[in-house]
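J.: There's a structure below that I have some questions on.
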Amino acid sequence: MTLKDTPVPLNQKNVILIGFMGAGKTTIGQLLAQKLEREFLDADQEIERIHGMPVTEIFKSMGEPAFRQMEKEYLVELCRTSREKIVSLGGGSFMQEEIRSACLSSGIVYHLDLAWESWLERFESLIDTRPILQSKSLEEVQDLFNNRKQVYADNHHRFAVDQLSPEKIAEAMAAQIRAGWSQD
Ligand code: S3P
């Protein structure tokens with residue numbers, strides 16, 4: 001018996017955070033999990049734990065396709081078997097159709113949306129730990145940002161994260177999620 005066989009009540013669905021690198025998925029996800037008293041899972045950290053290697057090392061020694069395969073296996077299985085988690089995804093996960101449809105059909109997907117100008121202010125702090133950024137010009141990164149934004153638009157809710165602190169964003173999201181649960 002899998003989760004697919006029974007309709008999952010809203011308050012048992014995983015809450016899944018998507019968005020570009022540096023949008024604050026992990027920080028906001030942790031805060032949200034505390035507020036909702038739910039377990040938090042960061043997909044990249046879980047992949048690192050399972051495969052015993054940092055994501056940067058996986059990219060370096062095995063290549064991006066190997067990482068994407070690990071990402072898909074982990075997330076499709078998570079969507080199939082787990083409930084009541086707050087999950088932050090890596091910024092590229094949603095580009096894989098299988099991950100996207102598993103997340104959208106089993107969870108509540110929140111896009112943490114950041115304007116390009118705001119993201120640029122975070123760029124320096126991201127480059128060392130994000131292999132995807134390392135081989136690209138700024139123009140190419142902006143293209144990636146714009147292309148991905150179109151894919152992130154496939155969500156259940158969107159939250160602009162430019163103006164508010166992570167604490168305030170998590171608070172607003174928790175209130176919205178609780179309101180949804182109480183109407184279910
Ligand atoms: C990636 C984003 C990273 C990580 C990997 C690839 C991407 O996660 O999964 O470096 O393709 O955007 P964050 O979005 O948490 O930085």
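The values are calculated or read from the model by the stated rules, or taken from the named source; none is laboratory data. None of the values given here were measured: they were computed from a predicted structure. All Cβ positions, glycine included, derive from the backbone under ideal geometry; neighbour counts span all protein chains shown.
J.: Any residue at all in segment 109-118 that's in contact with a Gly (Cβ under 6 Å, 6 or more places away or on another chain) and surrounded by 15 or more Cβ atoms within 10 Å (Cβ to Cβ)?
T.: yes
J.: Another question, then. Enumerate the strands (runs of 3 or more DSSP E) found wholly within segment 79-181, keeping only those where 1 or more residues are over 26 Å from residue 47 (Cβ atoms) and of a type in the set (Asp, Glu).
T.: Counting at least 1 such residues, we get no strands (runs of 3 or more DSSP E) at all.
J.: If the requirement is being among the aliphatic types (A, V, I, L, M), more than 19 Å from the chain's Cα centre (by Cα) and modelled with pLDDT of 95 or more, which of these qualifies: 21, 62, 1?
T.: Exactly one residue qualifies, and that residue is 62.
J.: Right, here's the next one. Pairs please, first residue from segment 72-91 and without any contact (Cβ under 8 Å) to a residue 60 or more places away in the chain, second anywhere and surrounded by fewer than 15 Cβ atoms within 10 Å (Cβ to Cβ), Cβ atoms under 8 Å, 6+ apart in sequence or on different chains.
T.: Here the result reads 72/98; 74/50; 76/98, each pair linking segment 72-91 to a residue that is surrounded by fewer than 15 Cβ atoms within 10 Å (Cβ to Cβ).
J.: Something else now. Could you tell me which numbered condition residue 98 fails, if it satisfies all but one of (1) within 13 Å of the ligand (Cβ to nearest atom); (2) in contact with a helix residue (DSSP H, G or I) (Cβ under 8 Å, 6 or more places away or on another chain); (3) without any contact (Cβ under 8 Å) to a residue 40 or more places away in the chain?
T.: Going through the list (1) within 13 Å of the ligand (Cβ to nearest atom); (2) in contact with a helix residue (DSSP H, G or I) (Cβ under 8 Å, 6 or more places away or on another chain); (3) without any contact (Cβ under 8 Å) to a residue 40 or more places away in the chain, residue 98 breaks only (1).
J.: Hey, another quick one. So which of 148, 178 is under 14 Å from the mean Cα position of the chain (by Cα) and in contact (Cβ under 8 Å) with a residue 60 or more places away in the chain?
T.: 148
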